[in-house]
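The values are calculated or read from the model by the stated rules, or taken from the named source; none is laboratory data. Quick caveat: nothing in here was measured; it's all calculated off a predicted structure. Every residue, glycine among them, receives a Cβ derived from its backbone with ideal geometry; neighbour counts consider all protein chains shown.
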Amino acid sequence: MQPGPQSGPPPGPQSASPFASASPFASQPGLIPLRPLSLGDLCRGLCSTTGRYRRQLLGLSLLVFGVAHALIHGALAVGLYAAGDEALLLFEDDTVGTPLLVVAAMVMFCAVSLTACAYALVHAVCAVVLQHAALGSPAPTREVWHRALARMLPVLGALALPLLLSFGAVLAAALLTLAAGPGGLLVGALAVPFVLWVWTRYSLAPAAAVIENAGPLRALRRSARLVRGAWWRIFTVSALMLLLTGVVAYAVDVPFSFSASESGPDGDPGIWLTDDSGLLDAALTTVTAAVASTLTTVFPQLASTLLYVDRRLRKEHLAHTLAPR
């Protein structure tokens with residue numbers, strides 16, 4: 001007797017791929033393969049993402065850093081003008097009066113605030129763009145800008161807390177070294193590996209703050225969990241990227257710095273505010289700072305976000321949850 005027809009799907013082995021059931025996610029729907037990434041995958045993903053989304057990445061980053069550095073130079077110019085004769089005395093006999101100290105404090109506050117906001121915004125831009133690159137979806141500049149702007153404060157918190165922790169460790173080590181004399185140098189040197197450990201442990205927090213819509217503390221905890229078991233790999237890739245971009249930024253900075261020194265106004269702040277050579281010097285310095293900040297921020301942060309994607313692919317099957325929310 002022939003067996004009757006059986007209902008239901010024919011028996012067969014289930015697919016072992018964690019992405020098989022998610023039809024929108026092929027093995028590589030975008031520029032980044034949705035599988036554990038090798039070093040070659042990281043490099044190719046970095047280059048292809050930068051090439052395809054260069055307007056969003058490099059264009060927005062140059063705009064943000066250019067505006068930030070222009071505002072910093074503007075605050076410095078206003079401060080020098082407000083200090084008046086006090087600023088001239090500083091260049092003549094290194095005399096520092098109370099008005100100049102107040103001006104310096106205000107300019108420093110503006111510089112730190114603007115720089116921190118600019119770095120947080122560019123970190124957010126990198127994470128937003130890479131999220132689109134992993135899915136192969138278009139990333140309109142307006143959409144990237146609004147999304148990055150909305151996540152700037154959580155990213156700023158995720159960057160600030162490890163920085164404050166590292167600064168506290170360095171300050172404590174310096175005070176200990178001063179108190180203990182030469183014998184305290186060895187103990188003070190322990191701050192260096194601690195800072196590197198903190199920097200690596202929380203390096204994925206900005207990406208988590210953007211892609212997971214996480215607050216600063218949650219993003220830091222996520223980074224710590226994802227880094228666990230891969231500290232040396234993340235440290236090596238991140239340090240190599242920082243070294244390479246630092247060399248490139250220095251190579252870009254040298255000709256601009258030479259041009260600025262040749263056209264500089266000999267250190268007189270009054271001339272710097274009114275003379276054409278002083279204005280040219282300020283413009284060159286602003287452009288140089290914006291280009292160097294872009295190079296030393298975009299590529300390392302793209303690498304960190306790729307490492308974040310890699311860790312989630314290895315541990316959490318990221319392909320099912322990568323779509324923007």
query: Leu153 fails exactly one of the following numbered conditions: (1) at pLDDT below 90; (2) closer than 18 Å to Ile211 by Cβ; (3) surrounded by fewer than 20 Cβ atoms within 10 Å (Cβ to Cβ); (4) of a type in the set (A, V, I, L, M, F, W, C). What is the number of that condition?
result: (1)
- line: Per the filter on segment 224-248, residues under 14 Å from Gln301 (Cβ atoms) and either touching a strand residue (DSSP E or B) at 6+ places or on another chain (Cβ under 8 Å) or in contact (Cβ under 8 Å) with a residue 60 or more places away in the chain (or both) are Ile234, Val237, Ser238, Met241
statement: When every residue in segment 128-150 that is surrounded by fewer than 16 Cβ atoms within 10 Å (Cβ to Cβ) and of a type in the set (A, V, I, L, M) is compared, the one nearest to the chain's Cα centre (by Cα) is Leu149
- prompt: For segment 221-242, what are the residues that are surrounded by 21 or more Cβ atoms within 10 Å (Cβ to Cβ) and among the hydrophobic types (A, V, I, L, M, F, W, C)?
  reply: Leu226, Val227, Ile234, Val237, Met241
- prompt: What are the residue pairs meeting all of these: first residue in segment 129-151, first residue closer than 18 Å to Thr305 by Cα, second residue buried (at least 20 other Cβ atoms within 10 Å of the Cβ) and aromatic (Phe, Trp, Tyr), Cβ atoms under 6 Å, and 6 or more apart or on different chains?
  reply: Val129/Tyr53; Ala139/Tyr53
query: Of (1) modelled with pLDDT of 60 or more; (2) part of a helix (DSSP H, G or I), Ser259 satisfies all except one. Which?
result: (1)
task: Mind listing whichever residues of segment 37-55 are part of a loop (DSSP other than H, G, I, E, B), over 19 Å from the mean Cα position of the chain (by Cα) and within 18 Å of Leu135 (Cβ to Cβ)?
output: Leu37
In segment 218-233, the residues that are closer than 11 Å to Thr200 by Cβ and of a type outside the set (D, E, K, R): Ser223, Ala224, Val227, Ala230, Trp231, Trp232
query: Does segment 174-194 contain any residue that is of a type outside the set (Lys, Arg), at pLDDT 85 or above, surrounded by 13 or more Cβ atoms within 10 Å (Cβ to Cβ) and more than 21 Å from Ala124 (Cβ to Cβ)?
result: yes
